[in-house]
Amino acid sequence: MNIKDITQLYYITDIANLPSILKKGILSFNQAAKIDHKSIAEEGVQERRKKKYRGQIIICMIMPIYILMLIIQCLALEDT
């Protein structure tokens, strides 16, 4: 599969975030934390990640997750 063959991506969020997404796009965790939004993230999971990876860069916090998943999928498919 080539990246050009991908025709759909899915993203789950609260409907209240739609106006912001249409205006600013899908943001990373850290970018979204700077604006008013309705999070659907499990706070306990977010706190564990902060503690576990303290001082480290967590890729999903600086890169919108859909881009990360696309990169992972493309790399996996190149290996097959």
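Quick notes
- Among the helices (runs of 4 or more DSSP H) confined to the chain, the ones with at least 3 residues that are out of contact with any strand residue (DSSP E or B) (no Cβ under 8 Å at 6 or more places or on another chain) and either among the aromatic types (F, W, Y) or modelled with pLDDT of 75 or more (or both) are located at 18-24, 29-32, 43-52.
Residues checked against (1) within 26 Å of Q73 (Cβ to Cβ); (2) of a type outside the set (D, E):
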residue	(1), (2)
D5	yes, no
Q8	yes, yes
I12	yes, yes
N17	yes, yes
I21	yes, yes
F29	yes, yes
K34	no, yes
K38	no, yes
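- Positions within region 1-33 being within 21 Å of Q46 (Cα to Cα), of a type in the set (F, W, Y) and loosely packed, with under 12 Cβ neighbours inside 10 Å, in sequence order: Y11
The values are calculated or read from the model by the stated rules, or taken from the named source; none is laboratory data. Computed from a predicted structure; not experimentally measured. Ideal geometry is used to build each Cβ from the backbone, glycine not excepted, and the neighbour counts take in all protein chains shown.
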